[in-house]
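Everything below concerns the one structure shown next.
The values are calculated or read from the model by the stated rules, or taken from the named source; none is laboratory data. Just so we're clear, the structure is a prediction, and the values are computed from it rather than from any experiment. Because the Cβ atoms are built from the backbone with ideal geometry, glycine has one as well, and the counts that use them run over all protein chains shown. Quick note on the areas: whole protein, heavy atoms, side chains included, nothing else; ligands and nucleic acids left out. Shrake-Rupley method; radii C 1.70, N 1.55, O 1.52, S 1.80 Å.
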Amino acid sequence: MAISSERMEDLIGTFRESLKEQGFEIYPFKVGWYNAVVSHAHHLPYPADTLALVVLSTPSMFEQSFLPFLQRQCCEAVRDPIDQCTAHTVSSSVSLCFPNQSVDVSYDYEMLPSRRPKFLAQTAAHISGAAYYYQKSDIHNPPWGDKKVFGVCIHPKLGGWFAIRALLVFKDVQVGEELQQKDPPDCVCSQEDRIELLERFNFRWKDWSYRDIVPTEESYSSRQREYFLTLPGQRGELLRQWGYLTDTEK
């Protein structure tokens, strides 16, 4: 039996607040919405009305979740610290908020044996209404010919200053017809701005200017910018300089 939207909010409300305090946002959707726009190879193997959530990290995650995570000496050398923090935060909240639910959690960095990602993160963000996924197909007369041009999600309040981190599927929860799909806010409306966005993201991505294609309410702090502008192999040394890692940790 499918649950109502009100019961769905009762189910996920505490989880939403728990993650919000740690710098994350969640957006619910039905598995069928996702499967309708991806190839069969990327389908999620659940009934169409199954409840799913996409998890985003906001700029405040760095100070509210990541640095405290490092301060507790939770980091292990075998994993990327940001990925490890995300997995720790999400899994802990899932265990606390859904002790009697069967929840399948996938992270953006996880791959299937076929080397496909476990889920298409930007597609999930778009169909959930979280962030608009701007692609070459959104341009009426693309100026790039046959050149490969990658798409990018833009959040209505955060622009490009966010990341898509995880997908949760509630395997035993079906949602009724009350939950209707809504398009994400189209905040890059003009063709000129869309072309500018995709050019910034594809050809000038290192300057991060695509993230500011729209006015934003929040962006990365100076320390967070320093961390992400540091090459991954050198971030451990940066964290040691900040005093968050010991000499035995990477």
Mean Cβ neighbour count within 10 Å, used as a protection proxy, ranking 197-204, 19-26 highest first | 19-26, 197-204
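Per the Kirkwood definition applied to all pairs of different Cα atoms, how many angstroms is the hydrodynamic radius of segment 45-114?
14.0
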Put +1 on the Cβ of every Lys and Arg and -1 on every Asp and Glu Cβ in the chain; which of ALA124, HIS42, ALA2 then has its Cα farthest towards the positive end of the dipole?
-> HIS42
What is the calculated FRET efficiency for ARG7 to GLU177, with r their C-beta to C-beta distance and R₀ = 22 Å, to the nearest 0.05?
-> 0.95
When only DSSP loop residues count, what GluC sites (Glu not before Pro) in segment 35-110 have their Cβ near at most 16 other Cβ atoms within 10 Å?
-> GLU76, GLU110
Would you mind computing, in nm to one decimal, how far apart the modelled labels at ARG79 and SER190 are, each placed 7 Å from Cα along Cα→Cβ?
-> 4.5
Return the carbon/sulfur percentage of the accessible area of the chain, one whole number, probe 1.4 Å, all protein chains in place.
-> 48
Antiparallel DSSP bridges in the chain: what percent, to the nearest 5?
-> 95
Using 17 Å as the cut-off for backbone N distance, which residues of segment 79-109 belong to the label zone defined by a point 7 Å from the Cα of GLU218 along Cα→Cβ?
-> 86, 89-90
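Normalised by the residues of the chain, what does the relative contact order come to in percent, with Cα pairs under 8 Å and at least six apart?
On the way: 376 pairs, mean separation 62.2, N = 250.
RCO, the chain: 25 percent.
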Surpassing 23 Å at the alpha-carbon level, of the pairs LYS30/LYS171; LYS136/LYS206; LYS148/LYS206; LYS30/LYS118, are none
Between ILE3 and residues 5 or more places away or on another chain, the pairs with built amide H atoms under 5 Å apart involve GLN174, VAL175, GLY176
Mean separation of Cα pairs under 8 Å and 6+ residues apart, divided by the residue count of segment 146-250: what relative contact order is that in percent?
-> 34
Classify the chain as rounded, prolate or oblate, taking a ≥ b ≥ c as the square roots of the eigenvalues of its Cα gyration tensor: rounded when a/c is under 1.5, otherwise prolate if a/b is larger than b/c and oblate if not.
-> oblate
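For segment 137-169, run through the chymotrypsin sites (Phe, Trp or Tyr not before Pro) and keep only the ones in DSSP coil with at most 16 other Cβ atoms within 10 Å of their Cβ.
Within segment 137-169, the qualifying chymotrypsin sites (Phe, Trp or Tyr not before Pro) (loop, at most 16 other Cβ atoms within 10 Å) are TRP144, PHE150.
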Give the cross-link partners of LYS147 among the aspartates and glutamates, using a straight C-alpha distance below 13 Å as the criterion and excluding same-chain residues fewer than 8 apart.
-> GLU199
Calculate, for the chain, the solvent-accessible area per residue in square angstrom, rolling a 1.4 angstrom probe over the heavy atoms of the protein chains.
-> 51
Everything considered on the Cα gyration tensor (a ≥ b ≥ c; rounded for a/c under 1.5, else prolate if a/b is larger than b/c, else oblate), segment 184-224 must be described as oblate
Starting at the first residue of segment 166-177, write each ³J(HN,Hα) from the Karplus equation 6.51 cos²θ - 1.76 cosθ + 1.60 with θ = phi - 60°, in whole Hz, x for Gly and Pro.
-> 7, 10, 10, 10, 8, 4, 10, 10, 10, 10, x, 5
